[in-house]
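Okay, structure first, notes after.
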Amino acid sequence: MLDLSPPERTLKVCRAAARLCGRLGWAPVLEVPLPTGRRLDILALLPDGDFAAIEVKSCARDFQTDAKWTEYRDWCDRLFFAVDLDFPQSLLPDDVGLIVADDGEAAILRHPAEHRLTAARRKSLLLRYARLSAGRLQGLLDPTGAAELRASLRVE
């Protein structure tokens, strides 16, 4: 994937990671805005009600210039990085999960340390996740009404 631009690499890794989520029975939502103003690349709801956040990195520079990823631990039970085969994996911290993508497929190479959400944060995040998902689905069903719905839900 070295011949791809960073945005193209990010898109390919993101799609592969979302497909992996589906195969695992996780329900992924992409580009989830948080109350802090940050945006998760992927937030997946797991079958047991836990949340996994997946931060996609396109290259070493993308990781090295991003200091905000540590804030994502406050919004999930498990935090993963998703990278492609060309990414220097030794840069990534050991306590964060590792998903590696190649040619549209992805696999978990390392599971993360678990850090449980508080009950209040979990409820808040679940409501955000549900409202965002419903709004996006409604946008597919009724593109004309999507902007009005997003404005009323105030989650995107």
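The values are calculated or read from the model by the stated rules, or taken from the named source; none is laboratory data. Only a predicted model underlies this, so the values are computations on that prediction, with no experimental measurement involved. Note that each Cβ is placed from the backbone with ideal geometry, even for glycine, and that neighbours are counted across all protein chains shown. Keep in mind that these areas ignore ligands, DNA and RNA; they rest on the heavy atoms of the full protein, side chains included. Shrake-Rupley method; radii C 1.70, N 1.55, O 1.52, S 1.80 Å.
Among residues other than ASP95 whose Cβ falls under 11 Å from its Cβ, what is the net charge (Lys/Arg +1, Asp/Glu -1)?
On the way: positive: ARG73, ARG78, ARG110; negative: ASP94, GLU114.
After counting each charged neighbour, the total is +1.
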Problem - DSSP beta bridge pairing in the chain, given as percent antiparallel to the nearest 5 - result: 60 percent
Practice task
Pop out the carbon and sulfur fraction of the accessible area of the range 29-156 as a percent, whole number, probe 1.4 Å.
Solution key: 53 percent
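With all protein chains present and a 1.4 Å probe, how do SER90, SER58 order by accessible area, largest first?
Values: SER90 110, SER58 5 Å².
Result of the area sort, largest leading: SER90, SER58.
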Exercise for the section: May I ask for the net charge around LEU46, where only other residues with Cβ less than 11 Å from the Cβ of LEU46 are counted and Lys, Arg are +1 while Asp, Glu are -1? Expected result: -2
Handout entry: Residue-averaged 222 nm ellipticity for the chain, from DSSP H runs of 4+ at -39500 (n - 2.57), nearest 500
Key = -12000 deg cm²/dmol
Problem - Solvent-accessible ranking of LYS123, LYS57, LYS12, largest area first, probe 1.4 Å - result: LYS123, LYS12, LYS57
Problem - Amide proton proximity set for CYS76, modelled H, under 5 Å, gap of 5+ - result: none
Problem - Rg over Rh, two decimals, the range 90-149 (C-alpha only, Kirkwood Rh) - result: 1.17
Fill in the blank from the handout: The simple spin-label model distance between THR65 and ALA147, using points 7 Å out along Cα→Cβ, in nm, is 3.2 nm
Handout entry: P(r) tail fraction, the chain - alpha-carbon pairs more than 28 Å apart, %
Key = 20 percent
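What FRET efficiency would be calculated for the residue pair ASP50, LEU140, taking the C-beta separation as r and a Förster radius of 35 Å, to the nearest 0.05?
So, using R0 = 35 Å, E works out to roughly 0.85.
Please give the contour-minus-distance gain from ASP95 to ALA120: 0.36 nm per residue of separation, less the Cα-Cα distance, rounded to one decimal in nm. Can you show the working numbers first?
Details: separation 25, 0.36 × 25 = 9.00 nm, distance 2.44 nm.
The ASP95-ALA120 span can extend by a further 6.6 nm.
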